[in-house]
Amino acid sequence: MDSIAITAPTDAGRSGAGSVQYQLRQYAESTLGKSSLHEAVLLPEGESLDEWVACHIVDFYNHINMLFMSISHHCTDETCPKMCAGESYSYLWRDGVNYREPTNLPANVYVKLLMKWVDSQLDDTRLFPVDLGHPFPSNFRAEVASQILRRMLRVYAHLYWHHYPQICQVGLATMLNTSFTHFTLFVTKYKMVSDAELQVVKDVIKILA
């Protein structure tokens, strides 16, 4: 199951991104290790692709958690009453347990639930085996990992659309840009997130390329 994205016409809300794009261009030059990031996503010879994907999910989880916590006091019920990325994309939460139907939530609540959900997925040894050589489930990349990464993308998108100035103020723009570049290179290399879902951050991807 997955949370539902409601997509308005793609032109809506784009005009407000101008200042963010300008700041991104300024910081794009400070993004570290662009060329090495292309190499960093390549599967090491003889390694399991499932293990490689799992390793990257943990890294992205840690990055996103740190980045969001750094500006969480700016992301409140009042400032961000819904989980969105601009006016064109809104996301509803559903986990099949406490939220059986797609539910509109403030962004900070959505992100906290998402991170708690990812944490529970990582702790489930049926999905992320701990013992070396223990097989991953057959649907690991196509369903388990893909869903986690799609949901992570929404946090990156919210940070860029709504909190990039605050990220800059706390001095983490380079970290965000590097982490997001690494993320997009990885999910596109292994086709973990569709091009349609990446549209929400297509301008950021273009600037950081």
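Brief remarks on what is shown
- Looking only at residues in the stretch 52-91 that are hydrophobic (A, V, I, L, M, F, W, C), more than 15 Å from the chain's Cα centre (by Cα) and under 14 Å from Tyr110 (Cβ atoms), the one that is surrounded by the fewest Cβ atoms within 10 Å (Cβ to Cβ) is Cys80.
- Which numbered condition Glu78 misses (of (1) of a type outside the set (A, V, I, L, M); (2) outside any loop (DSSP other than H, G, I, E, B); (3) free of Cβ contacts under 8 Å to residues at least 12 places away in the same chain; (4) under 30 Å from Pro165 (Cα atoms)): (2)
- Condition check for Asp95: in a loop (DSSP other than H, G, I, E, B) and within 19 Å of the chain's Cα centre (by Cα): yes
Rule-based calculations on the coordinates, nothing more; no lab input. Every value quoted in this text rests on a predicted model; they were computed, and no experiment measured them. Neighbour counts are summed over all protein chains in view; Cβ atoms, including those assigned to glycine, are modelled from backbone coordinates with ideal geometry.
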